[in-house]
Structure formats: structure tokens, C-alpha cells
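The next block holds one structure in the form of C-alpha cells; read it before the comments.
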Amino acid sequence: QVQLVESGGGLVQAGGSLRLSCAASGSIFRINAMGWYRQAPGKQRELVAAVTSGGSTNYADSVKGRFTISRDNAKNTVYLQMNSLKPEDTAVYYCHVEGVQGPYYSDYLHEKWGQGTQVTVSS
């Protein structure tokens, strides 16, 4: 069983910063991609940023230059540093992992979502 534990959400004023963390635990040998999605009220869930095991990153245009994603492969943890936050960044942020390989060949999980953490940016 793979578990995802998210932390770091909260309330911040516009222009402020927050750092989200998501730690994956369980019988994990390797995780292909780790990332963050968000969903604002009345909107579809969207990709915010993702990072592969090799360090390649992908960002939504709306967060480029403000958010930075990173991961610690030894800790199976992904981070999202969010700077210059705007009210439109307000959403529930979900951790997402893809391609989780366990110690045995048959132990493969295609994807898993975290429970979400609320980020609220006040104007």
C-alpha cells in the first residue's frame, strides 16, 4: 500500500509564499513522476507542476516563474515552493504520483492521489 501525506497548505496574503510537501510511503523502489494538481471551486482539476525521477519538470503557464517543484528521491518526497501567490492560486492542491514501482516486478501502481490540502490566498 502506498500512502501520500501532504502538508503545508494554509492561508496567506497575496504576494506571500507557501511550501507544500508530499511524502510517499510504503514498499517503494522507484516513483516515475511526482506532481501537484489543483482544483478551484467550479473548475476542473489542472496540473500545476510535475517532476520526473530524472529531474525533468513541467509547469502550468500560470505558475511559471513563481512556483518551483523539486523532489527528494531518497525520501520519496515532492515539494512545491509557491512564491508571489495570487488570489487566483486559491484552490485545493492535490499531490499525484505516477508509476510507482515496488520491490517486486508485480508491485506496480499506475497512479495515486493525495487527499488534498487547501491553499487560500487573500487579496
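Read-outs throughout are calculated quantities, based only on the coordinates presented, and are distinct from any laboratory measurement. Everything quoted here is computed from the prediction, not taken from an experiment. Because the Cβ atoms are built from the backbone with ideal geometry, glycine has one as well, and the counts that use them run over all protein chains shown.
The table below gives the values:
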{"item": "Neighbourhood charge, 15 Å Cβ-Cβ cut-off, centred on Thr90 and excluding it, Lys, Arg +1 and Asp, Glu -1", "result": "+2"}
{"item": "Max mean-square fluctuation residue, GNM over the chain, Cα-Cα springs under 10 Å, options Tyr79, Tyr59, Tyr108", "result": "Tyr108"}
{"item": "Extension gain from Gln3 to Ser106, taking 0.36 nm per residue of separation minus the Cα-Cα distance", "result": "35.3 nm"}
{"item": "Of Gln13, Gln44, Gln101, the one that fluctuates the most in a GNM where the chain has Cα springs shorter than 10 Å", "result": "Gln44"}
{"item": "Under 15 Å, Cβ to Cβ, from Thr52 - net charge with Lys/Arg +1 and Asp/Glu -1", "result": "-1"}
{"item": "For the chain, built as a Gaussian network whose Cα springs stay under 10 Å, the top-fluctuating residue of Lys64, Lys112, Lys43", "result": "Lys43"}
{"item": "Percentage, to the nearest whole number, of Cα pairs in the chain over 20 Å apart", "result": "39"}
{"item": "Estimated vicinal HN-Hα couplings, Hz - the stretch 32-45 in sequence order (Karplus 6.51, -1.76, 1.60; Gly, Pro = x)", "result": "5, 10, 10, x, 10, 10, 9, 9, 8, x, x, 10, 6, 5"}
{"item": "Net charge dipole size for the chain [Lys, Arg +1 and Asp, Glu -1 on Cβ; Debye, nearest 20]", "result": "180"}
{"item": "Rough spin-label spacing in nm, given labels placed 7 Å along Cα→Cβ, for Ala14 and Glu88", "result": "1.1"}
{"item": "Hits among lysines - C-alpha to C-alpha of Lys43 under 18 Å, sequence gap 8 or more where chains match", "result": "Lys86"}
